[in-house]
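In what follows, a structure is listed as structure tokens, so that the remarks can point back to it.
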Amino acid sequence: MPRTDQPYTLSVQASTKHLAEVRDFVAGHASEFGFDKQDISDIRLAVDEAFTNIIKHAYQNDEKQSVKIALGHNGKTFWISLFDSGQSFSLKDYKKPNVQEKIKQKKRGGVGVYLIKKLMDDVEYRHEGSQNEIRMIKKR
């Protein structure tokens, strides 16, 4: 498998209309990297949650905004970064949801960050200047 220190990128408008395109872009590269179907499914779901959170929370559903997706690998580690220039997210302000209570009350939403952290091996949030980045890492 070729080594790629240079990331593959995709830029799309911040709209749920592009969810399938983003998921397929990431899943295709995850498959080429050699992940099995379950890992690819986990990665797709984590990216779906991250992209949706950017749309809803960073951009408040402003479809004129854009999200850049970059991904790559270094042999054993596969990484995906989503970049936006919306309202930033602070992990230190994050409170883990009571998932069982949400299920019991049939409440939707509020578990995206929790899912991302469960599905991926490492998750980092960065804010530099006007740019936000969520970097999700999955090890093979």
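The values are calculated or read from the model by the stated rules, or taken from the named source; none is laboratory data. These numbers were taken from a predicted model, which means no experiment stands behind them. Glycine also receives a Cβ, built like all others from the backbone with ideal geometry; neighbour counts cover every protein chain displayed.
Could you grab me the full set of residues in the range 32-41 that are under 24 Å from S15 (Cβ atoms) and either of a type in the set (G, A, S) or under 11 Å from the mean Cα position of the chain (by Cα) (or both)? Step through it out loud before you land on a result.
Here is the first cut: in the range 32-41, the ones under 24 Å from S15 (Cβ atoms) are 40-41.
Matches in the range 32-41: S41 only.
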Here the residues within the range 128-137 that are exposed (fewer than 12 other Cβ atoms within 10 Å of the Cβ) and outside any loop (DSSP other than H, G, I, E, B) are E128
Just a yes or no: is a residue in the range 80-97 under 24 Å from T9 (Cβ atoms), assigned to a loop (DSSP other than H, G, I, E, B) and modelled with pLDDT of 95 or more? yes
Residue set E101, E49; condition crowded, with 16+ Cβ neighbours inside 10 Å and either among the β-branched types (V, I, T) or at pLDDT below 95 (or both); output residue E49
Scanning the range 104-127 residue by residue, the ones that are part of a loop (DSSP other than H, G, I, E, B), at pLDDT 65 or above and among the charged types (D, E, K, R) total 1
Inside the range 7-28, the number of residues satisfying the requirement of being in a helix (DSSP H, G or I) and either of a type outside the set (G, A, S) or surrounded by 16 or more Cβ atoms within 10 Å (Cβ to Cβ) (or both) is 11
